[in-house]
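The values are calculated or read from the model by the stated rules, or taken from the named source; none is laboratory data. Everything numeric here is computed off the predicted structure, so don't read it as measured data. Cβ coordinates were reconstructed from backbone atoms using ideal geometry, including for glycine residues, and neighbour counts include every protein chain displayed. All accessible areas refer to the heavy atoms of the entire protein, side chains included, with ligands and DNA or RNA removed. Shrake-Rupley method; radii C 1.70, N 1.55, O 1.52, S 1.80 Å.
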Amino acid sequence: MNAQGDANGYGISLGTHPQCRGETACFYGLLLARRGESPPTESVFRQVPLSRGITGYYFAHPRRTSFLYWVYDGVLYGIQLKVDEETVIDIANSAIEETLGN
């Protein structure tokens, strides 16, 4: 795992061993948040509904990695994981519900 952060956000890279830097097969995924950034605009992303009426932007990379981004309260959140679409959406919805509470 490798983590970076500052006043505008954070990024956490996930790997299968401590020295994994996202450049090899050991890379598993990425979690991020960046204040003031927008979701991707590339045509490969499609809109998906998330909890609380939030719109997500999803893309399935050919190397079996799911990319999902959404914006809440001026912050862009992102998940890139080697999981299927349903799983990454479930993770995002869980994060949204945990953040916003009941």
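Any residue that is touching a Ser or Thr at 6+ places or on another chain (Cβ under 7 Å) and free of Cβ contacts under 8 Å to residues at least 24 places away in the same chain - is there at least one of those in the range 28-48? Within the range 28-48 (the criterion being touching a Ser or Thr at 6+ places or on another chain (Cβ under 7 Å) and free of Cβ contacts under 8 Å to residues at least 24 places away in the same chain), the answer is yes, since at least one residue qualifies. Looking across the range 44-84 at every residue that is outside any helix (DSSP H, G or I) and of a type in the set (G, A, S), the one that is surrounded by the fewest Cβ atoms within 10 Å (Cβ to Cβ) is identified as G74. Are any of the residues in the range 3-20 open to solvent by less than 40 Å² (accessible area, probe 1.4 Å), closer than 16 Å to T99 by Cα and touching a Lys or Arg at 6+ places or on another chain (Cβ under 8 Å)? Yes, the range 3-20 contains at least one residue that is open to solvent by less than 40 Å² (accessible area, probe 1.4 Å), closer than 16 Å to T99 by Cα and touching a Lys or Arg at 6+ places or on another chain (Cβ under 8 Å).
The set of residues in the range 44-65 that are under 22 Å from L14 (Cα atoms), out of contact with any Lys or Arg (no Cβ under 8 Å at 6 or more places or on another chain) and modelled with pLDDT of 90 or more contains only G56. Contact map, the range 83-96: residues that are over 16 Å from V71 (Cα atoms) paired with residues that are not in a loop (DSSP other than H, G, I, E, B), Cβ distance under 7 Å, separation 6+ or inter-chain. Pairs shown: V83/S66; D84/S66; E85/Y58; E85/A60; E85/S66. Residues in the range 21-43 that are crowded, with 16+ Cβ neighbours inside 10 Å, part of a loop (DSSP other than H, G, I, E, B) and in contact with a Phe, Trp or Tyr (Cβ under 6 Å, 6 or more places away or on another chain): P39 alone.
The set of residues in the range 49-66 that are of a type outside the set (K, R) and without any contact (Cβ under 8 Å) to a residue 24 or more places away in the chain comprises P49, G53, T55, Y57, F59, H61, P62, S66.
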